[in-house]
Amino acid sequence: RKRALKCYSKALELDPTREGAGRQACALMQEDGNQVEELVELCTTSLERAPQVIWALKPLALALAKTRQYEQALPVFRKAIRSDDSKCRQCWEGLAVCYQQTKRYESAIRAYEHVVQLHPSHCTFSLI
């Protein structure tokens, strides 16, 4: 596992547009749970080197929200939703949580409503 992560990280260092390597590296870091800062660094660095990479947006936004960096997570969630994940429940729900935590309640309600429209059977959150 550690070796695989090292290989994926090296591949991204050489070419941050390698989506498979990016997704796998992020998945390994998320599974571990203790590598949130490393995940943020990997995604941020990849986006700085290649702003067009879409694979880094969702894991970066989720990691920022997990570490309660809600203001920083908001634009990343919005970009992820606009770029590729317009039907991603996690992105919309994360966006709603960030709005809620930053006291933007009307925006939070709209985002939660969007989650309900997209995935009515998977709603496990409670509305404000």
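The values are calculated or read from the model by the stated rules, or taken from the named source; none is laboratory data. Only a predicted model underlies this, so the values are computations on that prediction, with no experimental measurement involved. Glycine gets a Cβ as well: all are built from the backbone with ideal geometry, and neighbour counts include every protein chain shown. Accessible surface is based on the protein model in full, side chains and every heavy atom, while ligands, DNA and RNA are left aside. Shrake-Rupley method; radii C 1.70, N 1.55, O 1.52, S 1.80 Å.
For this structure, a couple of remarks:
- Note on the chain: dipole from Cβ charges, positive end direction compared against L74, G22, C98; the farthest Cα belongs to G22.
- Ordered by solvent-accessible area of protein heavy atoms (1.4 Å probe), largest first, the residues Y99, Y105, Y8, Y112 come out as Y105, Y8, Y99, Y112.
- Loop-located trypsin sites (Lys or Arg not before Pro) in segment 12-73 (DSSP state other than H, G, I, E, B) with a sparse environment of at most 14 neighbouring Cβ atoms within 10 Å: R68.
- The count of lysine pairs in the chain whose Cα atoms are under 30 Å apart, excluding pairs fewer than 8 places apart on the same chain, comes to 19.
- Accessible surface of the chain, 1.4 Å probe: 49 percent of it comes from carbon and sulfur atoms.
- Entry comment: accessible area of the chain is 61 Å² per residue, from protein heavy atoms only and a probe of 1.4 Å.
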